[in-house]
1. Among the residues in segment 142-164, are any in contact with a Ser or Thr (Cβ under 8 Å, 6 or more places away or on another chain), on the phi > 0 side of the Ramachandran plot and not in a helix (DSSP H, G or I)?
2. When only residues in segment 102-114 that are without any contact (Cβ under 8 Å) to a residue 40 or more places away in the chain and either among the aliphatic types (A, V, I, L, M) or closer than 15 Å to Ile136 by Cβ (or both) count, which is surrounded by the most Cβ atoms within 10 Å (Cβ to Cβ)?
3. Could you say which residue among Gly18, Gly25 is assigned to a strand (DSSP E or B) and either farther than 30 Å from Arg151 by Cα or not assigned by the TED database to the domain that holds His140 (or both)?
4. Only residues that are assigned to a helix (DSSP H, G or I) and either in contact with a strand residue (DSSP E or B) (Cβ under 9 Å, 6 or more places away or on another chain) or not small (Gly, Ala, Ser) (or both): list them for segment 170-192, please.
5. Step by step: first the residues of segment 9-19, then only those that are surrounded by 17 or more Cβ atoms within 10 Å (Cβ to Cβ) and not hydrophobic (A, V, I, L, M, F, W, C), then the one that is nearest to Gly93 (Cα to Cα). Which residue is that?
6. So which of Glu98, Glu45 ends up being surrounded by 20 or more Cβ atoms within 10 Å (Cβ to Cβ) and in the same structural domain as His129 (by the TED database)?
7. Determine, yes or no, whether Thr59 is at pLDDT 95 or above, in a strand (DSSP E or B) and among the polar types (S, T, N, Q).
Amino acid sequence: GATTIGRQNHFFPNSAIGCNPQILGLGPDAQTGALVIGDRNVFRENVTIHVSKHAGTATRIGSDNLLMVGSHIGHDAILEDKIVLSNLVQIGGHVHIETGAWMSGLAASHQFVTIGKWCYVAGLAGLTHDIVPFVIVSGHYPPRVRGVNKRGMNRAGLNEEQQERILDAYKRLYRKSGTLLANAKELAEQDGLDENVRAMIDSIFKSTQHRFGRYLESKRNE
């Protein structure tokens, strides 16, 4: 497919970049979209990335990402910057991975999931709904939030005060009685929330717009 590649990207042997999506009934002459890749990414052996399903749109990979051996990016996915995908991570179509997320080996994401910035997804996790920024997630069906990603916050350059605010928000969202949505609404009413805590709350609000917790899937027919 039509593929645009930025500067200083490193492609290891047998990576397949810009092939057509794996869609039943999609013929070899189908009009598909594009793939756009930023700068300074590393694509290790056997990485596969597919172009967009739709003409005029693109699968997008940002900059400074590391995709390890055998990781797969489905059609129409968006990866921002400074993301790490460990060996054999599988990303479904239309997934959006925000800056700094780290997914360990053999983790997988259902289509249309949003994976929040600077979060950590443990190995073998199966993501079926949106993941809040800055948290640690493990398990599958459903995956569960286990804590905050201290290493990710350090990688993001957040100071101690910012990190304490995120930790406090996590406790109020996930360690307090009541539903996650009710806790998020209560926290949202607090004055002086910083942008990182607001991002956590917004992620929760958006995910509730779809019955399976995938905000992007609520927009698929627009």
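1. No, segment 142-164 contains no residue that is in contact with a Ser or Thr (Cβ under 8 Å, 6 or more places away or on another chain), on the phi > 0 side of the Ramachandran plot and not in a helix (DSSP H, G or I).
2. Ranking the candidates gives Met103 first.
3. Only one candidate qualifies: Gly18.
4. Scanning segment 170-192 gives Tyr170, Lys171, Arg172, Leu173, Tyr174, Leu180, Leu181, Asn183, Lys185, Glu186, Leu187.
5. Filtering segment 9-19 for residues that are surrounded by 17 or more Cβ atoms within 10 Å (Cβ to Cβ) and not hydrophobic (A, V, I, L, M, F, W, C), the one nearest to Gly93 (Cα to Cα) comes out as Gly18.
6. Among Glu98, Glu45, only Glu98 is surrounded by 20 or more Cβ atoms within 10 Å (Cβ to Cβ) and in the same structural domain as His129 (by the TED database).
7. Taking the combined requirement at face value, the residue satisfies it.
Yes/no per residue for (1) in contact with a helix residue (DSSP H, G or I) (Cβ under 8 Å, 6 or more places away or on another chain); (2) more than 26 Å from Cys19 (Cβ to Cβ):
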{"site": "Leu79", "(1), (2)": "no, no"}
{"site": "Ile97", "(1), (2)": "no, no"}
{"site": "Ala107", "(1), (2)": "no, no"}
{"site": "Val113", "(1), (2)": "yes, no"}
{"site": "Tyr141", "(1), (2)": "no, yes"}
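The values are calculated or read from the model by the stated rules, or taken from the named source; none is laboratory data. From a predicted model like this one, the values you see are computed outputs, not experimental measurements. Because the Cβ atoms are built from the backbone with ideal geometry, glycine has one as well, and the counts that use them run over all protein chains shown.
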